[in-house]
Every structure is written in structure tokens, then in C-alpha cells.
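What follows draws every value from the coordinates through simple rules; no lab data is involved. Quick caveat: nothing in here was measured; it's all calculated off a predicted structure. Backbone-built Cβ (ideal geometry, glycine too); neighbour counts: all protein chains shown.
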Amino acid sequence: MNESSTRLQPTDVLVAGAGITGLPHAAEADSRGLSVRIIDRDTWAVGASIRNFGHCCVSAQSGELLELATAAREGWLRHSALAKQPGASYLWRTSYLGTDAALHTNTHDAESPSGGPVTVHTSRGSLTASRVIVCVGHDLDYVHPDVAEPFEVNRCALAMALVRPVEPAAISRAVLTGTSMLRYPAFAETSAAAALRTELENSSPELLAIDANLMLTRRPDGTLLIGDSHHTETSLDPQLRPGQENLRDVRSRPVHFAER
Ligand SMILES: Cc1cc2nc3c(=O)[nH]c(=O)nc-3n(C[C@H](O)[C@H](O)[C@H](O)COP(=O)(O)OP(=O)(O)OC[C@H]3O[C@@H](n4cnc5c(N)ncnc54)[C@H](O)[C@@H]3O)c2cc1C
């Protein structure tokens, strides 16, 4: 146990996990005048939030997800103006191990049975907060298997390719293709989706076989991120799987773009 962490003052809110889910919770709590502490097991951001494509497909969602995405967009715009102001304190390299209290999935936080402060156990000692928000991503099943298992939380391996086009790419922003149209609910619910699936089954069955979402993102240095395939398991195979080579092989081929 690290003595310095046990001496830390209790906070109103403790957020476990500094990804794109944890940080907005911390920012929202901070903007309500609450004291906030964030803990993360890593020294810098290496989770899904830093590895991702950067696509914000708000209007591609439907139903409750569309409502959440629209509200989140407003929050991001609001917080982008505040991003440089000091607020929450960040205590890094502190793995969250759990609490003595029950975790309520609906409120996604830990509450003490008596309604009092919650003691959080970490690899560097214990911390106390009035409310604890656990945002550890897909590793939820490591710390709270009881919460993760009913929702069948799995790990998803995504293979992407980073390529340098032979000529500068004519695209300047994110490009989604037919496979994306089958993936995102707002598109997949359209009457044209069934015909599109039939077309892809005939023309590019290998993309459907690796559950590809063929998208392009141009990076500031001119390279293109092309992705991605999906493979889901509780524990991921560390070896490259047959089928994922399809996407990775793109790296060794010349890439050309035609404007239409
Ligand atoms: C390759 C890739 C591309 C993607 N592209 C897109 C996209 O274009 N658009 C989109 O909307 N979504 C995309 N996603 C999905 C999106 O990135 C994730 O849904 C999102 O980042 C999840 O955020 P998170 O905060 O829940 O998890 P994470 O970003 O993984 O953050 C979890 C944090 O918790 C920490 N942590 C874990 N366990 C513990 C512990 N026990 N104690 C302390 N800290 C812990 C981790 O270190 C990490 O910092 C993509 C994902 C990947 C992998």
C-alpha cells in the first residue's frame, strides 16, 4: 500500500479509467463544482480511446443511441471551450481493484450500502469518494465480472492498415463505404440495406467474412488509416488470424484514388 495515496483527501467523485467515457464524466462533475479525482493504471492514454479512428458518427445512430450521441456532441462542444482550464486532479498508474460496495449497473457507479462515502481499493492504496464512476472499458470483466457477464462483455480485436498513398489522397475527411452502411443502425434500418447486403455478398464476400467496416481517414501527415476488421472473443488470440491479412496486406500494395 502506498502511504501517500492513503493520505489523499476524499473527493466528491472518483473516476476509474481516463478514456473517452471516464474523462467526460469527470469534466461534467467538475463543471458542477464537485471535487474530482481520476485514476488510471497506465502512464498515458493507450486504451481504445487513443487507438481509434476518430469518427464521430452521430447521425448514423438511431433510437436511444442517437439521443445519447446528440447529447454527447453538445457536451463535447461545450467542454472543448473549457479544455485548457485546470479542474480535476489525475492520479496515474493506479489500478482500480474494486470497492466493498455494490455496483449498480443502471447508475454505473459504486454506492455504499449506507449511502455514505465509498472506499475504493487500488494498487496504490485506498481512496475515498462520495461517488465512484467506473469507466475501465472492456476490462470491466476483470474488476466487476458480476456486472459484465450478464451483458456478455467481450473483447473486440480490430485490424486497421496505415498506408501512404502513391499520389496525395484527394479526400480530406472521413469516408465511410457500403460496409459502414450495413453497420450503423440509422443506415442499416433503411429499405435499401437488404439490397446492398446482397450486392456485397456477391461482389466482396471477403469483407463480410471479416466483419469489415471499410472506412478511410486521412491523417495530417498525408497517410491514410484504412479499416477495419472485427473479431470478438472473451480473451483475444495474440496471433494474427486468417482473414485479418486481407486488411493488413493493403499496406504492401500501391494505393490509388480516383476522383469522380
Ligand atoms: C481500433 C479502434 C477504432 C475505433 N474507431 C472508432 C471510431 O472511429 N468512432 C467511435 O465512435 N468509436 C471507435 N472505436 C470505439 C471507441 O474507441 C471505444 O468505444 C471507446 O474509446 C471506449 O472508451 P472507454 O473510455 O470506455 O475505454 P478506454 O479508452 O479503453 O479507456 C479505459 C481506460 O481505463 C483504464 N483501465 C482499465 N482497467 C483499469 C483498472 N483496473 N484500473 C485503472 N484503470 C483501468 C485503461 O488504462 C484506459 O485508459 C474504436 C475502437 C478501436 C479499438
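Could you work out how far apart the two model spin labels at Asp211 and Cys156 are, taking each label as a point 7 Å from the Cα in the direction of the beta carbon, and quote it in nm?
Between Asp211 and Cys156, the label points sit 0.7 nm apart.
In nm², what is the average projected area of the convex hull enclosing the Cα atoms of the range 38-80?
Computed as one quarter of the Cα hull surface, the answer is 4.2 nm².
I'd like to compare 63-70, 117-124: which one has the highest average count of other Cβ atoms within 10 Å, and what's the full order after that?
Order by mean packing, descending: 117-124, 63-70.
Could you check the spin-label model distance between Tyr90 and Glu167? Points 7 Å from the Cα along Cα→Cβ, value in nm.
Modelled inter-label distance: 4.2 nm.
Kindly state, to the nearest 0.05, the FRET efficiency for Thr198 paired with Cys57, given R0 = 22 Å and r defined as their beta-carbon distance.
0.40
Give the residues of the range 160-175 whose amide nitrogen is closer than 12 Å to a point set 7 Å from the Cα of Thr223 in the direction of its Cβ.
161-165
Counting other C-beta atoms within 10 Å, and keeping those with at most 12, which DSSP coil GluC sites (Glu not before Pro) do you find in the range 141-207?
When the GluC sites (Glu not before Pro) of the range 141-207 are filtered for loop state and at most 12 Cβ neighbours within 10 Å, Glu152, Glu189 remain.
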